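Down below is the structure, laid out as structure tokens.
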């Protein structure tokens, strides 16, 4: 026997890895879904960060990490800007809920 606490430690690590995998899959699906939606919605309006699909996905990832500026939507007309800001706020809320759900007490 190597050490008596090694077995429970390995089981805990495996369970934690499964939880992280599930979180990563769901986060990626949400991020890709919103990224594609914002790309199709904003690519015609030349909004910085949404001109290409890869830029849109990178902007979604930056928003997921908390590095985002709402002033890039200033070029849009009022109704479009309101809709986009609400949708981006929904995305950030979903991201925040996902981030807080993996914190265990």
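General observations
- Filter pass, residue 56 being surrounded by 10 or more Cβ atoms within 10 Å (Cβ to Cβ), in contact (Cβ under 8 Å) with a residue 60 or more places away in the chain and touching a helix residue (DSSP H, G or I) at 6+ places or on another chain (Cβ under 9 Å): no
- Tabulated pairs, region 17-38, first on the phi < 0 side of the Ramachandran plot and surrounded by fewer than 14 Cβ atoms within 10 Å (Cβ to Cβ), second modelled with pLDDT under 90 and in a helix (DSSP H, G or I), C-beta under 6 angstrom, 6+ apart or interchain: none
The values are calculated or read from the model by the stated rules, or taken from the named source; none is laboratory data. This is a predicted model, so every value here is computed, not measured. Neighbour counts run over all protein chains shown; Cβ positions are idealised from the backbone, glycine included.
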